[in-house]
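Heads up, the thing below is written out as structure tokens.
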Amino acid sequence: ADVSHELTTPLAAILGYVETLRMSDIALDDATRSRYLRIVNDEADRLEHIIGDLLDLARLEGGGGSLRQEPVSVSHLLERVRHRHAPTVAERKITLTTHQEAMVGLLVGDQNRLEQALQNLVANAVRHTPDGGAVTVTACTDGPTVTLRVDDTGPGIPEDQLQRIFDRFYKVDES
């Protein structure tokens, strides 16, 4: 049911906007048409990511797939986060700041999975930060350990829900 809901939400948005765009009796100006097409594209990307996440999860649970260990540029990760969320934060007037300590250059890990995790955390932070708020992504070291941290000015997770944050498909607000 949770997976079905996750897939249905972007699909419903895509179908609704495409239906509107196809209506010949409605005159849409170029700016509105572009905005609708951008929303359709964003929702299709979201759907693609959800499906990819489900395939990754199935592969990992089935014992297939593995995490690669390779040098990963932290500045490249942070740049991709800024680029990916730029349209949304600009539209909602959210300040997205990234900070990288001078000592942080490379870390070892699976670049795709690290980016996926960081993008998901930032997407959640942006989604739950009020318009005009701030999201900050920081990369710092503590000895040989690199820490990637995401902070936001959103309401946070209620204390009584924290023990469930790693439950698969769990959401604090079911609506």
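Looking only at residues in the range 86-111 that are among the charged types (D, E, K, R) and out of contact with any strand residue (DSSP E or B) (no Cβ under 9 Å at 6 or more places or on another chain), which one is modelled with the lowest pLDDT? Can you show your working first?
Within the range 86-111, the subset among the charged types (D, E, K, R) is 91-93, 101, 110.
Next, from what is left, pick out any that are out of contact with any strand residue (DSSP E or B) (no Cβ under 9 Å at 6 or more places or on another chain): 91-93.
Details: Glu91: 91, Arg92: 94, Lys93: 97.
The selected residue is Glu91.
So in the range 1-39, with the set limited to residues that are farther than 21 Å from Gly52 by Cβ and in a loop (DSSP other than H, G, I, E, B), which one is least open to solvent (accessible area, probe 1.4 Å)?
Checking each candidate, the answer is Leu28.
Take the conditions touching a Ser or Thr at 6+ places or on another chain (Cβ under 7 Å) and touching a residue at least 24 places away in the same chain (Cβ under 8 Å) and apply them to Asp151. Does it pass? Show your work before the answer.
Working: touching a Ser or Thr at 6+ places or on another chain (Cβ under 7 Å): yes; touching a residue at least 24 places away in the same chain (Cβ under 8 Å): yes.
Against the criterion (touching a Ser or Thr at 6+ places or on another chain (Cβ under 7 Å) and touching a residue at least 24 places away in the same chain (Cβ under 8 Å)), Asp151 qualifies.
Among the listed residues Val104, Val135, identify the single one that is in a loop (DSSP other than H, G, I, E, B) and open to solvent by less than 30 Å² (accessible area, probe 1.4 Å). Walk me through it before giving the result.
Working: Val135 fails: in a loop (DSSP other than H, G, I, E, B).
On inspection, the qualifying residue turns out to be Val104.
Considering only residues that are surrounded by 13 or more Cβ atoms within 10 Å (Cβ to Cβ) and of a type in the set (Ser, Thr, Tyr), look in the range 74-96 and name the one that is farthest from Asp131 (Cα to Cα).
Result: Ser75.
Condition first: polar (S, T, N, Q) and either at pLDDT below 80 or in contact with a Pro (Cβ under 9 Å, 6 or more places away or on another chain) (or both). Now tell me which residues in the range 41-69 satisfy that. Give the steps one after another, and end with the answer.
Step one: filter the range 41-69 for residues polar (S, T, N, Q), giving 41, 66, 69.
Selection gives Ser66 alone.
Would you confirm whether or not the range 53-68 contains a residue that is open to solvent by less than 90 Å² (accessible area, probe 1.4 Å) and hydroxyl-bearing (Ser, Thr, Tyr)?
The answer is no, given that none of the residues of the range 53-68 is open to solvent by less than 90 Å² (accessible area, probe 1.4 Å) and hydroxyl-bearing (Ser, Thr, Tyr).
The values are calculated or read from the model by the stated rules, or taken from the named source; none is laboratory data. Bear in mind the structure is a predicted one, so any value in this text is a computation, not a measurement. We place every Cβ from the backbone using ideal geometry, glycine too, and count neighbours over all the protein chains shown. Only protein heavy atoms, including side chains, enter the accessible area calculation; ligands, DNA and RNA are left aside. Shrake-Rupley method; radii C 1.70, N 1.55, O 1.52, S 1.80 Å.
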